[in-house]
Amino acid sequence: MAPQRNAGAGAEAELPEYAGHYRLDSCLGSGGMGVVHLARSTSGMRVAVKVVHARYAMDPEFRGRFRQEVAAARRVSGAFTAPVVDADPDAGRPWMATLYIPGPTLSEQVKRNGPMDPDQLRRLMAGLAEALRDIHRVGVVHRDLKPSNVLLAEDGPKVIDFGISRPKDSELRTETGKLIGTPPFMAPEQFRRPREVGPAADVFALGSLIVHAATGRGPFDSDSPYVVAYQVVHDEPDLTGVPETLAPLVLRCLAKEPDDRPTPDELMRELRSAAAAYDTQVFVPAPRTRDAQTRDAREQDAREQDSREQDAPEPPADVPRERPARRLGRRSVLVAGGLCLAVIGGLASVQVLGGTEQTRKTAAAQSAPGGFGEWEAVSASASGSGMPQCSYGAGKLLCARPGLVFAVDPADGGTLWRHDVAGATRSEPPVVSGGLVQPSLGRIGDLEALDPATGEPVWQEDMPEYDGLRAVGDMLLLTRSDGVVTGVDSSSGETKWSRRIPGQAVPYFSSVAGEPGKAGGPAAYAASPSADGTGTRVTAVDPATGDVRWDAELEGSLTPVGAGADGSVYLLADGAVYGDAKAVVRYTPGTGATRRVELPVPVPQAEPGVRGDTVYLMGAGGSLVAVDMAAGKQAWRLETGVSRGSVPVSDGRHVYVTAPDGRLLGVDAREGRLLGQTRPRLGARSDRVPAALPAPVLAGGHVYAGAPDGTVFGVAGRDPAAW
């Protein structure tokens, strides 16, 4: 929803004074679907409210499309969009409110100030590529990316107005003969086969948008939309005026065939220069004298190994495993409420290339106490990209990359089994729930469960459309966009219940770290902040039955991040605009007691982890913060120097974090001192930007992590200074 500054002639005279409880102050702009207003909530929070045109309000098909817009906008609300705060698609005049973000649209910026310079264009293209990556990751295709739908905010571009966007699994279909989109920014397939439009169409629009930002016109320019349509399908784009450094990449975006265009991840990789790939190395205290020779030997061994790998011949292509032809008994699995698994140990790495397996161990690791060798495992995958996301269960490391789930022996890094998966991937590892491996948590599609010993499917099941999936205890919880939640038994795949959760319109359950409440077993937590951000309704649900265990109205905009053994819940209090963590809250349902610990300095885009009464926050920019909830204060703050980090995990003595370049950082949990780090593992594609950083896994006294080069590695957690 764009806060456009030109109201235009389409603004309606009979506009209402309120939409819900939002008072409409002024008109920001008018579009094909409705009018966008600057509005205020009861508390004074500014929002942008789109109110549907009166002539469309009685059209059932249009209401269906507006519901789809609301669902899509909610699905993608995040750092690169204007977050949805409220909506009522069933009102007499349907409306949707998003956070109001000051700033011009790209269209206005170019009209007022002319074409952008090369540095601005590069930042714009990188920001939009990152936005499309996040939009596509949740299964949405925008389909109308154009200058008026890009808002230039202080912290980067925001993609807005999902009026004709479509989830990949949407039941709405494009009508034959209808042109959906804006011709100068539409891809060829939107004219030729609109029913088959996918994420690549948004990449084409990005290319057209960059040409507009660089020149003030589009790559296909005419006063007639019919001529533009012909040019888009048949002619080569006019890139005159586009900087030479960007023109080849823009030309790839404008390829006629969708498969020839780069993905958002590839765009981000191309746009990042090697010098700006990552922050400089974090300072590591000098190792003890007795470790110096061992460290030097380890580094020399790693350099020699890297050299051997570069000179090695290309391995044979992997032979895909044969999948069973018949459908099996029904069973489903969900990732258990985000429990922190502990792993400490010596660094290990196993390499699996093209179906063959190699195990690397350094001399230092081979002589490590207890015989735990330093190993590194590289998994082949269909896409060849993505940091492995791992968890620990059934005595194995269970990992996932796009198109692949595999099990690794935590003792030596040997690959135990591999299983190919289909469907759009998300950034979550497989887990053991109901005694079976649940790989579906990392993708959208049919559910299946695997035998943890062999990786063979035990059951597969087609499920109705769902937007949210969470494993809690021995149950899988599926949330539909209409708010209905279905509970599926992880071991049998049988649907045990399906219902709405009172007080939660669309309950997307949080993955919480820490000890699950012992009373009644683990709980699923849903939180719904109020429209004005002054309060949050938190609901604990019994995953086995869907019954509400407790329900509380808490102060502030809160997100559940952890649970304690006594049933208490830890929550982050977010800022109203940018989502920075401002405080940590502990709520104890048995007594109703609430404890709030304010942070001296907010933590931007905090990644939370919980261990006992301590909440660890890893912020964008490198801040690692420990909050002691028992003492009611921030215990320490460490500036790690990394650009961002994973969810921090702790074994009580140390805190471990994965960096974007594959380093594993070890920090003293009591004093907040950096003790050591492993080497970077960027691989050949050293300029790629990881979509998500996998949290380290703790098990059996060892620490395991994934890296951008595709490796899974393990280290002894007892002494990070010796890494």
**Q.** Order by protection proxy (mean Cβ within 10 Å, highest first), peptides 42-51, 626-635, 395-404
**A.** 395-404, 42-51, 626-635
**Q.** Spread of Cα-to-Cα distances over 10 Å intervals beginning at zero, given as percent, for region 607-700
**A.** 17, 52, 25, 6, 1
Q. If eta is 1.567 mPa s and T is 4 °C, what Stokes-Einstein diffusion coefficient results for region 45-111, Kirkwood Rh from Cα pairs, in µm²/s?
A. 100 µm²/s
Q | Descending semi-axes in whole angstrom, ellipsoid equivalent of region 11-136, from the Cα gyration tensor | A | 28, 17, 15
**Q.** Entries of Lys50/Lys146; Lys111/Lys158; Lys50/Lys256; Lys50/Lys111; Lys146/Lys256; Lys158/Lys582 with Cα pairs more than 27 Å apart
**A.** Lys50/Lys256
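Rank by packing, highest mean first: peptides 698-711, 219-232, with packing defined as the count of other Cβ atoms within 10 Å averaged across residues.
698-711, 219-232
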Q. Can you give the Rg to Rh ratio for region 71-161, taking only C-alpha atoms and Rh from Kirkwood?
A. 1.00
Q.
Stokes-Einstein diffusion coefficient for region 539-607 at 25 °C in a medium of 0.890 mPa s, Rh from the Kirkwood formula over Cα pairs: what value in µm²/s?
A. 190 µm²/s
Q | Part-to-part distance (alpha-carbon centres) for region 206-266 and region 607-660, which is given in Å | A | 44 Å
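May I ask you to give the percent of accessible area on region 516-565 that is carbon plus sulfur, with a probe radius of 1.4 Å?
That share works out to 52 percent.
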Q) So, in Å, what gap is there between the alpha-carbon centers of region 126-143 and region 525-555? A) 29 Å
Q. Under a Cβ-Cβ cut-off of 15 Å, what is the net charge of the residues other than Gly395 that fall near it, where Lys and Arg count +1 and Asp and Glu count -1?
A. -2
Q. What per residue convex hull volume, in Å³, comes out for region 568-664 when only alpha-carbon positions are used?
A. 93 Å³
(Q) Sort 211-217, 502-508 by the packing proxy (mean of other Cβ within 10 Å over each peptide's residues), most packed first. (A) 211-217, 502-508
Q. Which value, in Å to one decimal place, does the Kirkwood hydrodynamic radius take for region 593-649 when every pair of different Cα atoms is included?
A. 11.4 Å
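The values are calculated or read from the model by the stated rules, or taken from the named source; none is laboratory data. Just so it is clear, the structure is predicted and the values come from calculations on it, not from any experiment. Every residue, glycine among them, receives a Cβ derived from its backbone with ideal geometry; neighbour counts consider all protein chains shown. These area figures cover heavy atoms from the full protein model, side chains too; ligands, DNA and RNA do not enter into them. Shrake-Rupley method; radii C 1.70, N 1.55, O 1.52, S 1.80 Å.
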